[in-house]
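My questions will all concern the structure given below.
No value in this document is a laboratory result; all are computed from the given coordinates. Since the model is a prediction, treat every value here as computed from it, not as a measurement. A quick note on method: Cβ atoms are made from the backbone with ideal geometry, for glycine too, and the neighbour counts reach across all protein chains shown.
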Amino acid sequence: MSKEVNLNRRVPLMCVLGIAVMILTFWIGGGWTTSANHDQVQRDAIKGNPLQASLVSEENTAAGDWLFPGEYESHQAMWMLWPVFENKAGFPSTEVVSDMIHAMHGRVHVNLAVQDADDEAVATSFMTERGVPLDHVHFYHLEHGDLWARDMGPQFTRSRSGRLRINDWNFNMWGHEEPDSPNSLFDEDFDRVVASTIRVQVLDSLGGPSTGVRLIHEGGSASHNGHGTLIVVESVVIQRNLGPNRFCGGQAPVTDFNQPNTYAPNPDWEACKILVENEYRRMLGVEKVIWIPTGVIEDTGTFRGALGKHIQVPRVDGINIPHAGVYTLFTTNGHPDELVRFVTPNKVVLGEVNVSNAPANTPGKRLIRWLEEQNHERLERVYEILSNETTESGEPIQIVRIPMPELILDVFQPGDGIFDYYAAYDRWEDGSTFPEVMLGVWLASYVNYVPTNDLVLVARFWKPGRPLRIKRKDDEAVNVLKELFPGREIVQVYPENVVRGGGGMNCITQQQPASARFDRECGWAKVQVDAQVTTLYATSSGTSVLGRIPRLTRSGGDIYLEQLSSSGSRVKVRVVGACELDRRVGWVDGDEVESAGEKCPGVYSPN
C-alpha cells in the first residue's frame, strides 16, 4: 500500500517484500540454498545476471498455465520486512510488525527480511523483550528501503502443476517519482533478488508495444479471486502507465477531481486498458478484469497536494496549522485493498460510509464530514459497478459491506519521516509548495485485513480516551469478518504507526502459496475454500463413495487431509478432524484440495 521514509538511506519505499532465512528456500521451486547472509555484495552480483533469463522457459509461460491464487487460500509462509525508520518520530512501526508476528505464531511461518546481522540482532532483541515467540520466524539478510512487502516484493503465481514463480514488474515509488530515480531503481529489483535467493523462476513484464517500457504494477493495486478475475483501479493504472515514457504511451493524464476517476477524459485511455489487460492475462492468468474508478479519498496520491482546501483547520493537537486543507500520507492514488477484497471466488467485502448527521460545528468536524461525503459517493459507485458484474465463470458477485473506520487527523513536523520527505518534494501536481506543518489524515481501513490459514488479522483503532463510536466500529468489523471467514480466529492489532505511512497490515505482508514440492513433502491438505466440501471415494478411479468431507467441523475447527499417495487425478488421504469421516482413508479429486502449510511441523528447522 504505501510507504515510509528512510532519511539515512533513501526516501520512502513502500510495500517491499519481507523474506526469510534458511530452509524455506528449498521448499519452493525444488531448489536449495544454504546461505542466509545475502548482503549488498550479493545484490550487486544479481543485478544484470543472466540467471534471471535462464529461470524462465517458454514452456513455463504459456497462457493459462499460471494463476495468482486468492489471498484467502492457505499459505506456506508470510513474508514481511523489518522497518528501517519511523513515519512519525516516537511512533515506531516495529511495534505493529512485532504484534503481527506474535499473532501469527502457530498459524503460519514468517519470513522476515532484515538489513544485515546487526539488524537481525536488533529485531530479535526487540521482539524477545515483547514476548514474541520466534520459532516460526526465519531471517534473510536482504537490504530493503521500507517495510511494504505487498507491492515491490515477490508476487507469487502458481502453475497447474504446483510450481511457483515470481512476477517482476516496473516500479516508480507509487507514482511519486520516475521509474529511473535512485529510489525506484533500488527497490524495483527486490523481487528478482528474492527469486534468486530462494531459487524461484521469474517472469518479467514485457515492454509496451510502442514504448518498450514495462508495466508498473504493485501487489496492492489489484484484488484477485484466485480463479482469473481481477479488480483494479483506474486512477492507479492511469497515473502509472499512461503518457510519454510509460507502458501505454499516449497523452499524460491530467488531474480533474470532478471526474469519477479524478482524471480528465483522455482519448488514449481505452487503448491503454486493452494493453494493460493483455499483460495481466500473460502475467497473472487473468480471464476478466473489473475496473473501478478510484479508491478512497484519503488514498489520493499525496503528490496532488492538499485536499479540501476550502476548509481551514486552525489548530490540531495544540499545534497551529498555517494552511487550508489536509494532506494524505504517502498514499498510492487508490489501491483496492483499502476498500474492496475478494473473500471467495465470487464474494467481496466492500467498505461502507454512512455520513453522520451530527452537527459539524468545528472546522475539524467539517473537514471530516467533507471527506466522508466524498468516500460515501466513491464507495456506492463501486457497489453499483460490482452489483452488475460477474466473475470469469459468469457468477454474480456477492457484496458484503463492512464499515470504514472513523477518520483521524494527525500533525507532522520536521523530524518526522513523512514530513521530511515532502519538505524536499518538488513534483506537486497542483504547483504548490509544502507548508511548515503538515496536517494529515490517516488511511485507515478494516478492509486492509490479513488472512492467513486459520487466522485473520484486523485493525483496531479504539484506545481509552477515544470516542466509543470508534470501538463500536471496531467490533462491527470483527463480526463481519467472523461471518466471512468461519472457523478462523479473528485477532485485532493496532496498526496506526504503520497507517501513518499511508497503508495498513495487508500492505506490509505478502503471502507465499504452497508449491508442489511443499505439498508433497509436508503431506497435508484441506478442502478447497471455494469448494467447502469434497467427496471421499473408495478407490482411485471408481464412483463408490465413502462420504463427504466438509472443510470445517461443526464447531468451526479445521479438518485436514493427510496425503498418502496419488494416482491419476486423485489423491489418497486420511481424514483428520472432528467429523463423521475422522481417520477414514480414501481418495479425493486433486483439484478440490489445497495446501495446508501450517500442518507441516519441523520443515523449516535448520539442519
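Assuming a strict under-26 Å limit between Cα atoms, what lysine pair count do you get for the stretch 24-509 once near-sequence pairs (fewer than 8 apart, same chain) are dropped?
Close lysine pairs under the 26 Å cut-off: 19.
Under the √(5λ) rule applied to the eigenvalues of the Cα gyration tensor, what semi-axes describe the equivalent ellipsoid of the stretch 115-245? Give them in Å, descending.
Working: eigenvalues 177, 72, 44 Å².
Listed largest to smallest, the semi-axes of the stretch 115-245 are 30, 19, 15 Å.
For the pair residue 252 and residue 320, what calculated FRET efficiency results from E = 1/(1 + (r/R0)^6), where r is the Cβ-Cβ distance and R0 = 56 Å, to the nearest 0.05?
Working: r = 37 Å, r/R0 = 0.66.
Taking R0 as 56 Å, the efficiency between residue 320 and residue 252 is 0.90.
Please give the length that would be gained between residue 591 and residue 274 if that part of the chain were fully extended, namely 0.36 nm times their separation in residues minus their C-alpha to C-alpha distance (nm, one decimal).
Between residue 591 and residue 274, full extension yields an extra 111.0 nm.
Using only the Cα atoms of the chain, construct the convex hull and provide its projected area averaged over every direction, in square nanometres to one decimal. Let's see the in-between values first.
Values: hull surface 105.4 nm².
Projected over every direction and averaged, the Cα hull of the chain covers 26.3 nm².
If the label point is 7 Å along Cα→Cβ of residue 430, which residues in the stretch 300-327 have backbone nitrogen under 20 Å from it?
Output list for this probe position: 300-316, 320-327.
Dipole of the chain, Cα-centred, from +1 at each Lys and Arg C-beta and -1 at each Asp and Glu C-beta, to the nearest 20 debye?
Magnitude of the dipole: close to 1280 debye.
Right, something else. Give, rounded to the nearest 20 debye, the magnitude of the charge dipole that the stretch 516-599 has about its Cα centre when Lys and Arg contribute +1 at Cβ and Asp and Glu contribute -1 at Cβ. Write down the numbers at each step before the final one.
Numbers: 12 positive and 12 negative charges, 52 e Å.
Here the size comes out at about 260 debye.
Using the Kirkwood radius over C-alpha pairs as Rh, can you work out the diffusion coefficient of the stretch 247-299 via Stokes-Einstein at 10 °C, viscosity 1.306 mPa s, in µm² per second? Don't jump to the answer; show the numbers that get you there.
Numbers: Rh = 12.6 Å.
Translational D for this selection: 126 µm²/s.
Label-point separation (nm) for residue 89 and residue 373, each offset 7 Å from Cα along Cα-to-Cβ?
3.8
What three numbers, in Å, describe the spread of the alpha carbons of the stretch 407-529 along their principal axes, ordered from the longest?
Extents along the principal axes, in whole Å: 58, 39, 25.
From the helices alone, meaning DSSP H stretches of at least four residues, give me the mean residue ellipticity at 222 nm for the chain, per-run term -39500 (n - 2.57), in deg cm²/dmol to the nearest 500.
Helices in the chain give a 222 nm mean residue ellipticity of -7000 deg cm²/dmol.
Further question: Given H placed on each backbone N at 1.01 Å, which residues far from residue 535 in sequence or on other chains put an amide H within less than 5 Å of it?
549, 589
Here's another thing I want to ask about it. State the extension gain, in nm to one decimal, for the chain segment bounded by residue 475 and residue 206, taking 0.36 nm per residue of separation less the distance between their alpha-carbons. If you can, show how the numbers build up before the last one.
Numbers: separation 269, 0.36 × 269 = 96.84 nm, distance 4.51 nm.
Contour length minus Cα-Cα distance gives 92.3 nm.
Give me the distance in nm between label points sitting 7 Å out from Cα along the Cα-to-Cβ direction at residue 118 and residue 185, one decimal.
Between residue 118 and residue 185, the label points sit 2.6 nm apart.
Here is a follow-up. Hey, what do the phi angles of the stretch 69-80 turn into as Karplus ³J(HN,Hα) couplings, whole Hz, using 6.51/-1.76/1.60 and θ = phi - 60°, x for Gly and Pro?
Couplings: x, x, 5, 7, 6, 5, 10, 7, 7, 10, 9, 9 Hz.
How much length would be gained if the chain were fully extended between residue 540 and residue 400, taking 0.36 nm per residue of separation minus their Cα-Cα distance, in nm to one decimal?
Working: separation 140, 0.36 × 140 = 50.40 nm, distance 3.94 nm.
Contour length minus the Cα-Cα distance gives 46.5 nm.
For the pair residue 463 and residue 494, how long in nm is the line joining their label points, each one 7 Å along Cα→Cβ?
Using points 7 Å along Cα→Cβ, the separation is 0.4 nm.
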